[in-house]
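Notes follow the structure.
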Amino acid sequence: MTAAPEPDLRHHGDAEVRADGLGLVDLAVNVRTGTPPQWLRERLAATLGELAAYPDQKAARAAVAARHARPVEEVLLTSGAAEAFVLLARVLTPHHITVVHPQFTEPEAALRDAGHRVHRVLLSPEDGFRLGAVPDEADLVVLGNPTNPTSVLHPAEAVAALARPGRTLVVDEAFMDTVPGERESLAAVRDLPGQVVVLRSLTKTWGLAGLRIGYVLGPAPLIAALGAAQPLWPVSTPALAAAEACSGPAALAEAELAAAELALWREHLLKGLAAFPAVRVYGEPAASFILVRLPGAAAVRERLREHGFAVRRGDTFPGLGEEWLRIAVRDEATTDRFLNALEKVLGSA
């Protein structure tokens, strides 16, 4: 029997939108539409007169630290969350790595690139991708919360239960700010055993994928080691301005309103999908996207492109297959147009 091919860990949603150069409605990438907001654009533009000077991280690190009630020494600013995965893979020396899938594939790709052997724990759709046990011998555990692509938000208690002496627990919270109240976050938790590392991104809510800004929260000695592995001035002046601005009270209030609006839009999408008997959703989606399973999903994805919509294929995520699609949550009018297109595609199948 021929083994199933390994998933393409380097495939990302932007490839779905850019392919063929078509003007597709983007339901493949999870960046909030209409972003960056005007006030943030103006803040970024104001830094153009400062580009002759080398970047200074002090204000941005202090703002992020204050936002999560942590000492500055426990904050590392990075060129997007993706850089953090590379730094962790290069600095840590684990003996047994466990990556909990399905999840964002860059952590595993970075670990493999650094020469590490990776063990996978596959969560089951049949129980809603509920977080379960990982091997006792694992001294590095990586998982997402809420998880991309499942959109499942794991209880903080269940995630924290994975922490223990001698283990580094890495929690990718890139989508946590899409959850009202950021409930279940461990970003401000500092008293768990072992090393607990939380990664954040400003890409999703603020539309800054092209700017590359994220950060790591964790124990000061590990943060220092990760920082020592970075090149000089790893984060640009505009990116630092974004980190500072998006960590302030006004920005956090705006993000909370956006998360509440997103929850309404997600419910609208879920209700629309429920009208299609062939489409199944597993678990309770909590982030800015929904994972669905349906027969012939690969063909459906191509037909949707013909109707002007790009959705994310699911077979590049370990634990999933060709029958899975990830759909970004958009405003109700965009969702209604998508649902109409889906009805045409499934009706002609």
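The values are calculated or read from the model by the stated rules, or taken from the named source; none is laboratory data. Keep in mind that what you see is a predicted model, and the values were worked out from it rather than measured. Virtual Cβ from ideal backbone geometry, glycine too; neighbours counted across all protein chains shown. Accessible surface areas use protein heavy atoms only, side chains included; no ligands, DNA or RNA. Shrake-Rupley method; radii C 1.70, N 1.55, O 1.52, S 1.80 Å.
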### Query
Is there any pair with a first residue in the range 175-192 that is under 26 Å from Leu222 (Cβ atoms) and a second that is of a type outside the set (Ser, Thr, Tyr) and open to solvent by 50 Å² or more (accessible area, probe 1.4 Å) whose Cβ atoms are under 8 Å apart and which are 6 or more apart or on different chains, and what are they?
Met176/Glu184; Glu184/Pro155; Ala188/Ala69
### Evaluation of Thr78 against (1) open to solvent by less than 30 Å² (accessible area, probe 1.4 Å); (2) touching a Ser or Thr at 6+ places or on another chain (Cβ under 7 Å); (3) within 24 Å of Arg190 (Cβ to Cβ) (one fails), failing number
(2)
### Message
With the structure loaded, tell me whether Gln195 is touching a strand residue (DSSP E or B) at 6+ places or on another chain (Cβ under 7 Å), open to solvent by 10 Å² or more (accessible area, probe 1.4 Å) and polar (S, T, N, Q) or whether it fails that test.
### Response
yes
### Message
Just to be sure I understand the filter: pairs with C-beta atoms under 7 Å, separated by 6 or more residues or on different chains, first member in the range 7-34 and closer than 16 Å to Phe289 by Cα, second member modelled with pLDDT under 90 and surrounded by fewer than 16 Cβ atoms within 10 Å (Cβ to Cβ). Which pairs pass?
### Response
Val29/Asp14
### Query
Does the range 337-348 include one or more residues that are among the basic types (Lys, Arg), surrounded by 18 or more Cβ atoms within 10 Å (Cβ to Cβ) and under 19 Å from Val17 (Cβ atoms)?
no
### Message
If the requirement is being of a type in the set (Lys, Arg), in contact (Cβ under 8 Å) with a residue 60 or more places away in the chain and under 20 Å from Val72 (Cβ atoms), which of these qualifies: Arg212, Arg200?
### Response
Arg200
### Message
Any residue that is within 15 Å of the chain's Cα centre (by Cα), within 29 Å of Gln57 (Cα to Cα) and open to solvent by 10 Å² or more (accessible area, probe 1.4 Å) - is there at least one of those in the range 86-103?
### Response
no
### Message
Looking at Arg312, Arg330 in this structure, which one is among the basic types (Lys, Arg), in contact with a strand residue (DSSP E or B) (Cβ under 6 Å, 6 or more places away or on another chain) and surrounded by 22 or more Cβ atoms within 10 Å (Cβ to Cβ)?
### Response
Arg312
